[in-house]
Structure formats: structure tokens, C-alpha cells
Amino acid sequence: MITKLGRPAKILLAAGLLAIVVLQLLPFYVSITTSLKERTDLSSTWLPPLDGVFLGNFMSAITDGNILQSILNSAIVTGVSTILVCFLGAMAAYPLARRLTTMNKAVGALILALIMIPPLSILVPLYTMLTQMQAVNTYWGIIAVMVSTHLPLSIFFYTAFMRSLPISVEEAATVDGASAFQTFFLVVLPVLKPVTATVAILTGVSTWNEYALSSFILTDPAIRTIAPSIASFFSAQSSNLGAASAASLLAVLPVLIAYLFLQRYFIKGMVAGSEK
Amino acid sequence: MSQVTTLPRAGIRRRPRRGRGAGINVFYLPALLIFAIFTIYPLLNGITLSFTNWNGYSAARDVVGAANYLRLFEDETFRMVLLNTFIFGIGSTVIQQILGLGLAVALDRPLRGRTAIRAIIYLPVLVSPVIMGTMYYLFFQYNNGALNDITTLFGGERIAWLSDSQTAVLIIVLVNSLQFVGISMIIYLAGLQSIPTVYYEAANLDGAGAWQQFRHITIPLLQPAFATSIVLNLIGGLKLYDIIQVLTGGGPGYSTNSVSTLVGVAYFDNQSAGYASAMGVVLFLIIVVFTLGLNTLLNRRRLEQQ
């Protein structure tokens with residue numbers, strides 16, 4: 001809807017947009033000024049560090065907060081979970097897209113219904129089970145939980161995408177004597193790139209930022225991922241907000257860099273993700 | 001299409017419509033195994049536990065029937081937390097729809113720096129709510145907080161923003177809304193771009209004004225976008241956890257908890273695992289009822305309009 005606007009309306013619109021943009025950037029700005037000031041510097045957070053830039057907070061975030069280790073842990077958990085969610089999701093979607101029996105339709109509906117389960121609603125039984133399995137404070141424990149919570153949406157996406165592909169190529173492969181496995185790995189898998197980008201971005205961002213379950217499952221600082229690590233550093237350093245800000249900024253950097261380079265994929269993926 | 005191309009080979013295919021034999025179903029077995037262990041078993045076990053008085057660590061537990069659920073009804077803390085949960089869900093949804101739609105309409109116009117503005121508004125969506133929460137804490141904290149620096153600058157008193165439960169609940173709603181308004185904006189932008197411009201051209205010819213066009217073309221044709229965005233925001237708000245933990249930790253007292261955060265408190269702090277399981281079941285039911293109810297409601301409205 002492009003209607004011509006008068007001058008006052010245009011100014012009003014620009015002012016409104018400017019206000020929102022400033023509002024969205026302010027938390028980052030305030031964190032930056034706070035992170036660059038010494039603890040004894042009680043000047044307003046609105047002011048940049050006038051006495052010179054202080055980098056001690058970043059050092060403290062790295063040495064006391066162990067932020068680099070947490071970033072590495074997040075990278076491992078996110079990387080492995082994302083690969084598994086994509087691969088297992090694509091596999092599971094294949095029969096759901098290509099063999100439409102009553103049973104498979106029911107299986108598809110069940111998987112879709114799993115999306116509705118809020119993570120905290122199963123905290124008690126899940127944590128109890130993970131303790132019995134000795135999976136608390138392990139990579140595999142958190143990865144298993146991340147895979148199980150992100151897999152339903154992934155299967156949904158892959159199923160929808162495969163249904164939109166013409167079946168004739170797969171049939172030709174079958175006629176040529178390819179087994180179901182060969183058809184899946186050699187014919188279907190290579191054409192799933194667009195939907196894989198979507199699933200990978202949604203799963204990657206969500207796993208990287210996950211806090212609710214990770215904060216219970218990962219309590220050992222050596223294995224903690226970013227979000228629980230920041231939260232615990234923050235509550236431990238409540239009198240030293242400079243260090244907490246520095247840790248936050250360090251943790252957000254990898255996502256920012258990825259967003260900067262892959263912005264188009266991010267937004268496209270998120271739109272697709274929301275239109276499920 | 002595919003039928004035409006496969007016709008000549010129809011003779012060799014035993015199941016012409018299904019394409020593949022039942023053996024292909026092994027492909028979803030790994031996923032089903034994971035769900036069975038890490039989702040479905042805990043869900044069912046949680047329902048079982050919700051009928052016991054288990055404390056979370058000892059071997060002893062007694063079946064207490066519906067006692068935990070009856071206790072939930074009488075528990076004033078839980079009632080307050082339930083109210084908070086609805087405020088988080090509905091409050092965020094309302095703010096995000098108004099702001100998100102407004103931004104989408106504004107940014108659908110040709111405008112210098114449009115891509116950059118969209119990218120900035122969307123940016124917080126990608127940041128962990130834990131980190132957004134820490135950043136916003138610098139705003140609302142009592143000493144040296146950015147907001148109190150402004151109030152004192154104008155000769156006012158420092159305000160304990162996060163120590164007053166009502167203010168704190170509203171702040172949590174606001175922070176959550178601002179962080180995720182980018183999602184609504186993007187959904188509405190995609191919706192706006194899918195409306196054919198000929199409708200507006202026709203309306204222009206008929207002399208319809210900007211408001212009339214918005215009311216009678218844009219709003220009805222955005223129905224699917226409304227449905228998507230509302231359901232997504234509502235579920236996000238009802239499940240709210242991270243921002244509460246960082247901004248207030250559920251305090252003062254229990255006054256800013258959501259059902260999600262209270263589950264953790266009941267389980268680990270109060271050692272009432274059975275009671276916490278019952279809360280979990282209620283939380284699950286709330287989400288199911290809202291998701292299915294809204295989907296039915298919004299789909300019916302869409303059908304009526306067609």
C-alpha cells in the first residue's frame with residue numbers, strides 16, 4: 001500500500017522509525033559503555049568512557065568468567081546438534097513425504113504435536129532421567145535434549161519440502177535398480193539445500209541461545225554453554241556489571257558476525273520458520 | 001504432471017500411488033527412538049509423577065491422587081504466577097502485533113536505509129534472551145541505571161524499577177516484546193508483499209482513501225500473517241523463562257514468576273518434584289489449549305472471509 005504522504009506525515013514517520021531504531025540499539029550501547037569503564041568509574045552509563053578505554057572487564061570475563069571455554073562448548077553443542085537435526089530430520093521426512101499411509105500420517109501428526117511441548121513442562125522427569133543416565137553435565141546429554149526438542153520442526157520442514165519435489169526422478173532411480181537407501185542418499189539428499197539452510201539457521205540460533213534446559217543440565221563451568229554461563233557470571237558479578245557486560249558482548253559476537261554475512265538467509269529462514 | 005510422465009511405466013510399479021514399500025519407514029525410526037526416550041517418556045512420566053508426593057531425590061514416593069492439582073487451585077502463589085503467565089503471553093502479543101504491523105507498513109514503503117532499519121529492528125531476535133536481559137538490567141537497575149540517571153537529571157528520585165512487582169511484570173513484557181518484535185515485523189512484511197498491487201490500484205480508481213484501503217484490503221488479506229504471528233508470539237510469551245530469570249529472578253518474593261520459572265523453583269528449591277510435575281502438566285495443557293484454540297478460531301475467521 002503505497003500512498004503519497006504529506007511532509008508532516010513523512011517527518012512523523014521518520015521520527016517514529018528513528019525512535020524504534022535507537023530503542024533497539026540502546027541496550028547494546030549501554031553495555032558497550034559499561035564494559036569499557038572501570039568498576040570505580042561511577043559516571044553515567046549514557047556517557048562513553050571519558051577517562052580512557054578500560055579493557056580489564058574483557059580480561060575478567062575471559063579469565064574469571066571462562067567465556068572463551070563457554071563459546072567453544074556452545075560451538076560444539078550447536079554444531080553437532082544442528083548436523084544431527086538436519087540429517088535425522090531429512091531422513092525421517094522421507095517416508096512421511098513419500099509413503100502416505102494412514103500410519104505414516106498419524107506418525108507425522110504425532111511429531112507435529114511434539115512442537116507444542118514447552119521444555120519446562122517436562123523438566124522434572126527429564127532431569128531425573130538424565131541423572132539416572134549420568135547425562136547431566138555431558139555434551140551428549142545436552143545434545144540429545146537439543147536434538148529431541150528441535151527435530152519435530154525440522155521433520156515438518158523437510159516433509160513439506162520433499163512433497164513439493166517431483167517424484168519422477170526418484171521413480172526413475174528405482175526403475176534403474178537403486179535401493180531406497182541409494183535413492184535417498186544419492187537422489188533426494190543432494191537437492192535439499194534450500195530447506196537445509198532454513199532448518200540449520202533456526203536450529204543453530206535456537207541452540208546457541210538456549211538457556212531454560214541448559215541451565216539445569218549444564219551446571220559444571222567447564223562444560224557450560226554461553227547462556228547459562230552468562231547468567232551465572234551475571235548473578236555472581238552483580239556488583240561488577242562491567243565484567244558481566246563484557247561477557248555478554250563477547251558471547252553475542254559470533255551470532256552478530258554470522259548475521260552480518262548471512263543476513264538474507266537468516267531473515268528468509270526465520271520467515272519460513274514462522275510460517276509453519 | 002508426474003502422472004503423465006510415469007504412465008508408460010505403470011506396469012512395473014506394484015503400488016502406483018504410494019511409490020514405496022513399507023521398508024522405507026525405517027528412515028524415521030531413529031527420530032522416533034529419540035522422541036520416545038527424550039520427549040514422550042518424560043511427558044508420560046511427568047504425568048505419573050504429578051500424582052505423587054515425590055521430593056525429587058529420595059527413593060520414597062507415595063501416590064497422592066489429585067492432591068497436587070487441588071493444591072494448585074488453592075495455592076495463591078500459583079494463582080498469581082498463572083496471572084503473570086497470561087499477562088506475559090497476552091501483553092507481549094498485543095504490543096508485538098501493533099508495533100510489528102506498524103513497522104511493517106512503514107518499512108514496506110520505499111525509504112532510504114530501509115534494509116538497514118529492518119536489520120537493526122530484527123537484530124535482537126538473534127541474541128539470547130539471557131544476554132538481552134543482562135543488557136536491559138543496566139537500564140533498570142537502581143544505582144547507576146540508565147533510566148534512573150535520567151530521572152535524577154530532571155531532579156527526580158531514583159526509582160526501584162525492578163523491586164515493585166507490578167512495574168517489574170510490565171518491564172518484562174516490554175523487554176520481551178521489543179526483543180521479538182522483529183519476528184512480527186518480518187511476518188507482516190512478507191504478508192504485505194504478497195498482496196497484489198492491482199487491488200490498491202483498483203481501490204484508488206474507485207476513490208478509496210488510505211485508511212479505507214488499509215481497513216478493507218490490507219487487514220483482510222493479512223489474515224494468514226495475523227494467525228501466524230499471534231500464535232507464535234502468544235506461545236513465546238506463555239513459555240517465558242529466560243528474561244524473567246535474568247531481570248528479576250522471579251522476585252520480589254515470587255511475584256514475577258511465570259509457570260515455567262516456578263516449575264524450577266518448586267523442583268530444586270522447595271524439593272516438591274510431584275508438585276512441580278503437576279505445574280508442568282498444567283503448563284503443557286495451557287499451551288495446547290491456546291495453540292489449538294487459536295488455530296481453530298483464526299482458521300475459521302479466514303474461511304468466513306473467503
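Please return the longest range in chain B lying between exposed loop sites, taking trypsin sites (Lys or Arg not before Pro), DSSP loop only, at most 10 other beta-carbon atoms within 10 Å, and leaving the sites out.
That gives B:113-306 as the longest site-free run.
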### Message
Could you tell me the calculated FRET efficiency between A:Ala236 and B:Thr167, based on Cβ-Cβ distance and R0 = 35 angstrom, to the nearest 0.05?
### Response
0.85
### Task
For B:Ile195, list long-range residues whose amide hydrogen, built 1.01 Å from N in the peptide plane, is under 5 Å from its own amide hydrogen.
none
## Note on the structure
Along segment A:178-186, Karplus-curve 3J(HN,Hα) (6.51, -1.76, 1.60; θ = phi - 60°) to the nearest Hz, with x for Gly and Pro, reads 6, 6, 4, 5, 4, 4, 5, 6, 9
### Query
Relative contact order for chain A: what is it in percent, counting Cα pairs under 8 Å that are at least 6 residues apart?
31
### Task
Taking H placed 1.01 Å from N in the peptide plane, check which residues at least 5 places from B:Thr52 or on another chain put their amide H under 5 Å from its amide H.
B:Val64
### Summary
Fewest-first ordering of B:Tyr200, A:Tyr127 by Cβ atoms within 10 Å yields B:Tyr200, A:Tyr127
### Message
List the residues, sorted by chain then number, that are 5 or more residues from A:Thr219 or on another chain and whose placed amide H is less than 5 Å from its amide H.
### Response
A:Asn137
### Query
Between segment A:54-120 and segment A:157-193, how many Å separate their Cα centres?
25
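For segment B:24-109, with only Lys/Arg (+1) and Asp/Glu (-1) charged at the beta-carbon, what is the dipole magnitude about the Cα centre, in debye rounded to 20? Mind showing how you got there, number by number?
Values: 4 positive and 5 negative charges, 30 e Å.
Here segment B:24-109 has a charge dipole of around 140 debye.
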### Message
Whole-Hz ³J(HN,Hα) for each residue in segment B:77-82, computed from phi via Karplus 6.51 cos²θ - 1.76 cosθ + 1.60 with θ = phi - 60°, x for glycine and proline: what do you get?
### Response
4, 5, 4, 5, 5, 5
### Task
Note down the magnitude of the dipole of segment B:66-305 about its Cα centre, charges +1 on Lys and Arg C-beta and -1 on Asp and Glu C-beta and zero elsewhere, to the nearest 20 debye.
580
### Message
Quick check: residue separation of A:Val21 and A:Leu253 times 0.36 nm, minus the Cα distance between them. What number comes out in nm?
### Response
81.6 nm
### Task
Can you give me the span-like helices of chain A, meaning DSSP H runs with 20 Å or more of Cα extent along the axis and Kyte-Doolittle mean at or above 0.0?
A:7-35, A:67-98, A:139-164, A:193-209, A:241-274
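Nearest 20 debye, what's the magnitude of the dipole of the protein assembly as shown about its Cα centre given +1 on Lys and Arg Cβ and -1 on Asp and Glu Cβ?
So the magnitude is around 2340 debye.
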### Query
Taking θ as phi - 60°, what are the ³J(HN,Hα) couplings along segment B:105-119 by the Karplus curve (6.51, -1.76, 1.60), each to the nearest whole Hz, with x for Gly and Pro?
4, 5, 8, 7, 7, x, 7, 5, x, 4, 4, 5, 4, 4, 4
### Task
Please order B:Leu29, B:Leu294 by the number of other Cβ within 10 Å, starting at the fewest.
B:Leu29, B:Leu294
### Query
How many Cβ atoms of partner chains, on average, are near each residue of A:87-96 if near means within 10 Å of its Cβ?
5
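Just from its helices, what would the mean residue ellipticity at 222 nm be for chain A, if runs of 4 or more DSSP H residues each count -39500 (n - 2.57) and the sum is divided by every residue, rounded to the nearest 500 deg cm²/dmol?
Using -39500 (n - 2.57) per qualifying helix, the result is -23500 deg cm²/dmol.
Read-outs throughout are calculated quantities, based only on the coordinates presented, and are distinct from any laboratory measurement. Remember, it's a predicted structure, so these values are computed and weren't measured experimentally. Every residue, glycine among them, receives a Cβ derived from its backbone with ideal geometry; neighbour counts consider all protein chains shown.
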